[in-house]
Amino acid sequence: MHASSLSFRLAVLFVIAGMAMGIGMAMTQDHALMPAHAHLNLLGWVSLFLFGIYYERRPALDASRLAMIQVVLWSLGTVVLTSAVSAIHLGYHAAEPIAAIASLIVLAAMIQFAYFVFRPERNVAPGPAAHLSPAE
Ligand code: HEM
């Protein structure tokens with residue numbers, strides 16, 4: 001499997017969970033978990049889907065083990081961070097160190113992604129979208 005496929009698959013799972021959480025909050029009129037809902041949707045759906053689009057347009061990078069590691073790291077960090085933020089907002093403040101560690105995991109995954117972006121000559125093998133030629 002390529003990094004983009006994994007990103008897209010995990011992203012839709014995250015947004016289904018995030019939307020279910022949103023519906024739960026709306027139904028119960030209890031918005032205590034709003035920060036966890038927002039992080040789950042923005043890290044797990046929006047950012048992950050954007051990573052997938054970036055990878056899909058760079059086939060060499062998309063097929064690389066490094067990109068796969070970045071997606072897995074980001075996704076694990078998102079699950080742990082969201083769970084810890086939920087626990088904190090439910091009153092379990094012992095989860096704060098876990099949230100701190102998870103935040104460093106997602107930061108590390110973003111720095112890894114930044115490395116891909118700033119080292120394009122090594123990673124980019126443009127996909128078909130970059131080779132469109134005008135119709136005659
Ligand atoms: C079924 C879909 C969804 C439902 C029912 C839902 C529901 C909610 C609810 C009830 C809140 C709390 C609002 C408040 O306390 O002021 C909230 C906040 C939020 N939601 Fe959702 N949501 C959904 C999908 C999404 C998605 C897909 C995203 C992001 C892509 C998202 C991002 C956010 C953010 C960022 C906040 C925090 C807003 C703020 O700080 O005021 N939500 N949502």
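Pairs, please: C-beta under 8 Å, at least 6 apart or cross-chain, first residue farther than 10 Å from LEU40 by Cβ and in the range 1-23, second open to solvent by 60 Å² or more (accessible area, probe 1.4 Å) and outside any helix (DSSP H, G or I)?
Sorted first by the residue in the range 1-23, then by its partner, the pairs are HIS2/ALA63; ALA3/ALA63.
Specify the residue that is least open to solvent (accessible area, probe 1.4 Å); the eligible residues are those in the range 4-31 that are under 14 Å from the mean Cα position of the chain (by Cα) and within 8 Å of the ligand (Cβ to nearest atom).
Taking the candidates together, the pick is GLY18.
Tell me which of these MET68 doesn't satisfy, since it passes every other one: (1) open to solvent by 20 Å² or more (accessible area, probe 1.4 Å); (2) touching a Ser or Thr at 6+ places or on another chain (Cβ under 7 Å); (3) within 14 Å of MET110 (Cα to Cα).
(2)
Taking the condition of a type outside the set (Val, Ile, Thr), more than 15 Å from the ligand (Cβ to nearest atom), open to solvent by less than 80 Å² (accessible area, probe 1.4 Å) and within 11 Å of the chain's Cα centre (by Cα), does LEU73 pass?
yes
Hey, among the residues in the range 32-53 that are small (Gly, Ala, Ser) and assigned to a helix (DSSP H, G or I), which one's farthest from the ligand (Cβ to nearest atom)?
Across the range 32-53, the extreme among qualifying residues is GLY52.
Going by the conditions given, is LEU43 modelled with pLDDT of 95 or more, among the hydrophobic types (A, V, I, L, M, F, W, C) and open to solvent by 70 Å² or more (accessible area, probe 1.4 Å)?
no
The values are calculated or read from the model by the stated rules, or taken from the named source; none is laboratory data. Because the structure is predicted, anything quoted here is derived from the model rather than measured. Backbone-built Cβ (ideal geometry, glycine too); neighbour counts: all protein chains shown. For accessibility, only protein heavy atoms count, side chains too; no ligands or nucleic acids. Shrake-Rupley method; radii C 1.70, N 1.55, O 1.52, S 1.80 Å.
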